[in-house]
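Participant: Here you go, one structure.
The values are calculated or read from the model by the stated rules, or taken from the named source; none is laboratory data. Source: prediction; values computed, not measured. Backbone-built Cβ (ideal geometry, glycine too); neighbour counts: all protein chains shown. Remember, those area values only see protein heavy atoms, side chains included, never the ligands or the DNA or RNA. Shrake-Rupley method; radii C 1.70, N 1.55, O 1.52, S 1.80 Å.
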Amino acid sequence: MSSTLKQLKDGESVIDPKSTVGGGVDDVYGEDRASEDQLITPWTVSVASGYTLLRDPHHNKGLAFTERERDSHYLRGLLPPAVATQELQEKKLMQNIRSYEVPLHKYVAMMELEERNERLFYKLLIDNVEELLPVVYTPTVGEACQKYGSIFKRPQGLYISLKEKGKILEVLRNWPERNIQVIVVTDGERILGLGDLGCQGMGIPVGKLALYTALGGVRPSACLPVTIDVGTNNQKLLDDEFYIGLRQKRATGKEYYDLLEEFMSAVKQNYGEKVLIQFEDFANHNAFELLAKYKTSHLVFNDDIQGTASVVLAGLIASLKLLGGSLADHTFLFLGAGEAGTGIAELIALEISSKTNIPIEEARKKIWLVDSKGLIVSSRKESLQHFKKSWAHEHEPLTTLLDAVKAIKPSVLIGTSGVGQTFTKDVVEAMAAINERPLIMALSNPTSQAECTAEQAYTWTEGRVIFSSGSPFDPYEYNGNLFIPGQANNAYIFPGLGFGLVISGAIRVHDEMLLAASEALANQVTQEHYDKGMIYPPLTNIRKISAHIAANVAAKAFDLGLATRLPRPADLVKYAESCMYTPNYRTYR
Ligand SMILES: NC(=O)C1=CN([C@@H]2O[C@H](COP(=O)(O)OP(=O)(O)OC[C@H]3O[C@@H](n4cnc5c(N)ncnc54)[C@H](OP(=O)(O)O)[C@@H]3O)[C@@H](O)[C@H]2O)C=CC1
Ligand SMILES: CC(=O)C(=O)O
Ligand SMILES: [Mg+2]
């Protein structure tokens, strides 16, 4: 086993440069440069050959090592004689994954593949995106988080708990990769619509970052999943002997914010100011405050507030081709006035205001929200959380969603409540009575929390609804017509948005970038899609879609003077495509 430092050094070229496809932009994606950095971290250099090469998921190719590579990298005898192509490996693994009936078993199989052979994992995910997204992402990732303690095998990201207070910089330096470009961080307090899952929320940053690579093209080694563990208020987890987190109630107030501050400072100190930090699945009592606090000093965005807003706005812009008119002609009603609900509402108001002469305060009046206490109205203003106050319009108090639908007469109904089956038959029928083509989005995740199913939406509106949901539903046939529900999930946006920020060297996220991302996504919906009632393009084209989103976002970053990459590439779509990681194997000399 003669893998040595010297060997790797010679081969800043362990990988044959001629075989380098994708990731070809030196300053951003030079994998050779990443190798140079690895020279300083001895625990990652001993992977160049022999048994350790087979155990190194970043470089392992399993049976796909050629005869020549088996000779030159001391692999003889460590592999059976057969040599397979990556395509054959993919075929076999897809067969295996399809043979599992339980979704969680598919999830575990995919995670094991990632730990064994990273490129093959991404090849599967990219080539079979519609089939595998529900496995590595919603809905299955929700169940995986609930059972994370039992399925945990090896760390897939960094755990930063109160025990690490005062040492977070050291903790970051324990991570084997140094050129980090995107961090997704959660504190696990609002995992999908499943509530507080504490430290087990790690499945979410891991899943989101897998999408950053597969859907957006950020190379895997540049992605860092982080879970901040300040305890959990989930008693079931605290009582669970397999729980992997801190066994205490959540720290709050100064103790909480001090830990977050230390984390944010350490990230900037260790990775510089161009590392993107995506806040994910924080509870709303912290989410808005953290975003407000760090958006002027760091490259951050909150996916639940801003990414979701951008994906929904894209669907609404696209739907105008089917519905006619402009956004300002519509009335919007939300069930759920938290991060997702108020985030979407604000971006719609911003878009209406920026496309018309209507001041944003007026635009907001077209948008109504219902929370757990009923319609948000001005008489409740004093007792409302700050993020709801802009939505407290003049109206008599109403306590049920059905009453609100009947009184407000919305053309668009959006579910962001986190509570399943809250769009009841009465509610959906009321929408269908008011509108020829009601637009209904049941955004809550996972599937169990969706406000209604696709089948319910289509049957209760006699096939007239334009329907999307946060978690995927299969196409549904009604009265001889096949309806294809859209997946209104921020997964359409954050990979492209983040990639656009990275390739432009952006230093801040601006609302106009979210609007630019929405426009780019809406532009990808073609007549062929509209003919099928779709307001989102199929996910099979997601890498092309992400390149367009990235290009629009990068263009906005340059226009706003927030981009540091020089010179500005002439064709940003081509540039984005050329920067994307591709998972094909490389040839080893
Ligand atoms: N599709 C997508 O891309 C995304 C989907 N989501 C989903 O949206 C859901 C909500 O997330 P988020 O906004 O962050 O959560 P929040 O906790 O911030 O907000 C939830 C809101 O729903 C309200 N609510 C809860 N129960 C009811 C009820 N029975 N009737 C009416 N209102 C109710 C709450 O009311 P109150 O304020 O009174 O407590 C609150 O306003 C989750 O399921 C999440 O998975 C989130 C982000 C992206
Ligand atoms: C999709 C997502 O971010 C959520 O449900 O929280
Ligand atoms: Mg989320």
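Participant: Please work out how much accessible surface TRP391 shows to a 1.4 Å probe, ignoring ligands, DNA and RNA, in Å² rounded to 10.
Facilitator: 0 Å²
Participant: For the pair THR587/SER99, report the inter-label distance in nm, with labels modelled 7 Å from Cα in the Cβ direction.
Facilitator: Placing both labels 7 Å along Cα→Cβ, they lie 3.4 nm apart.
Participant: May I ask you to list the lysines whose Cα is less than 17 Å away from that of LYS321, ignoring any residue fewer than eight positions away on the same chain?
Facilitator: Those lysines meeting the cut-off are LYS355, LYS532.
Participant: Given a 1.4 Å probe and heavy atoms of the protein chains only, how would you sort VAL509, VAL136, largest accessible area at the top? Write out the running numbers ahead of the final one.
Facilitator: Working: VAL509 25, VAL136 0 Å².
These residues rank, largest area first, as VAL509, VAL136.
Participant: Run through the DSSP bridge list for the chain and note the antiparallel percent, rounded to the nearest 5. Numbers along the way, then the final one.
Facilitator: On the way: 7 of 42 bridges.
Expressed as a percentage, antiparallel bridges in the chain total about 15.
Participant: Of the listed pairs LYS61/LYS123; LYS268/LYS295; LYS61/LYS91; LYS295/LYS373; LYS365/LYS409, which have alpha-carbon separations greater than 19 Å here? If you can, show how the numbers build up before the last one.
Facilitator: Working: LYS61/LYS123 12 Å; LYS268/LYS295 13 Å; LYS61/LYS91 15 Å; LYS295/LYS373 31 Å; LYS365/LYS409 13 Å.
LYS295/LYS373, as the Cα separations exceed 19 Å there.
Participant: Using 1/(1 + (r/R0)^6) with R0 = 45 angstrom and r between the beta carbons of ALA292 and ALA82, what's the FRET efficiency to the nearest 0.05? Before the final figure, lay out each step's value.
Facilitator: Numbers: r = 57 Å, r/R0 = 1.28.
Plugging the Cβ-Cβ distance into 1/(1 + (r/R0)^6) gives 0.20.
Participant: Just how large is the dipole of the chain about the Cα centre, in debye to the nearest 20, putting +1 at every Lys and Arg Cβ and -1 at every Asp and Glu Cβ? Don't skip to the end; give the middle numbers.
Facilitator: Numbers: 61 positive and 71 negative charges, 170 e Å.
In debye, rounded to 20, the chain gives about 820.
Participant: Next question, about the same structure. GLU436 to LEU482: FRET efficiency via 1/(1 + (r/R0)^6), r the Cβ-Cβ distance, R0 25 Å, to the nearest 0.05?
Facilitator: 0.75
Participant: Excluding ligands, DNA and RNA, what is the solvent-accessible area per residue of the chain at a probe of 1.4 Å, expressed in Å²? Intermediate values should be presented prior to the final figure.
Facilitator: On the way: 23360 Å² over 589 residues.
Ligands and nucleic acids excluded, the result is 40 Å² per residue.
Participant: Got a sec? Charge dipole of the chain, +1 on Cβ for Lys and Arg, -1 for Asp and Glu; which of SER372, PHE483, SER354 is way out at the positive end?
Facilitator: SER354
Participant: Using a 1.4 angstrom probe on heavy atoms only, work out the carbon and sulfur share of the accessible area of the chain in %. Working shown, then result.
Facilitator: Values: 12020 of 23360 Å².
The value for the chain is 51 percent carbon and sulfur by accessible area.
Participant: Turning to a different aspect of this structure: Sequence gap at least 6, Cα distance under 8 Å: using those rules, report the relative contact order of the range 508-589 to the nearest whole percent.
Facilitator: On the way: 58 pairs, mean separation 24.3, N = 82.
After rounding, I find 30 percent.
Participant: Further, regarding this structure: Strictly greater than 19 Å: what percent of every Cα pair in the range 125-201 meets that? It would help to have the intermediate numbers written out before the result.
Facilitator: Values: 1474 of 2926 pairs.
The calculated P(r) of the range 125-201 puts 50 percent of pairs beyond 19 Å.
Participant: Within the set of other residues whose C-beta is less than 11 Å from the C-beta of GLY195, count the net charge using Lys and Arg as +1 and Asp and Glu as -1. Walk me through the numbers on the way to the answer.
Facilitator: Details: positive: ARG190, LYS236; negative: GLU189, ASP196, ASP281.
Computed value for this residue: -1.
Participant: While we're here: Okay, helix-only estimate at 222 nm for the chain: each DSSP H run of n ≥ 4 adds -39500 (n - 2.57), divide by all residues, round to 500 deg cm²/dmol; what do you get? List each step's numbers first, then the result.
Facilitator: Working: 28 runs with 258 residues, N = 589.
When only DSSP H runs of four or more count, the value is -12500 deg cm²/dmol.
Participant: Let me ask something else about it. How large is log10 of I(q)/I(0) for the chain at q = 0.06 Å⁻¹ when the intensity is taken from the Debye formula with one equal scatterer per alpha-carbon?
Facilitator: Debye output, listed in q order: -0.31.
Participant: So, R0 is 51 Å and r is the distance between the beta-carbons of GLN421 and ILE358; what FRET efficiency does that work out to, to 0.05? All intermediate terms of the calculation are to be shown ahead of the outcome.
Facilitator: Numbers: r = 36 Å, r/R0 = 0.70.
My answer for the efficiency is 0.90.
Participant: Using 0.36 nm per residue of separation minus the Cα-Cα distance, give me the extension gain between ALA109 and LEU162 in nm, one decimal.
Facilitator: Details: separation 53, 0.36 × 53 = 19.08 nm, distance 3.19 nm.
Full extension of this stretch gives 15.9 nm more.
Participant: Testing the spin-label approximation: label points 7 Å from Cα along Cα→Cβ at LEU320 and GLN235. State their distance in nm.
Facilitator: About 5.1 nm separates the two model spin labels.
Participant: As a test question: what accessible area, to the nearest 10 Å², does HIS105 have when a 1.4 Å probe is rolled over all protein chains in place?
Facilitator: That residue has around 100 Å² of solvent-accessible surface.
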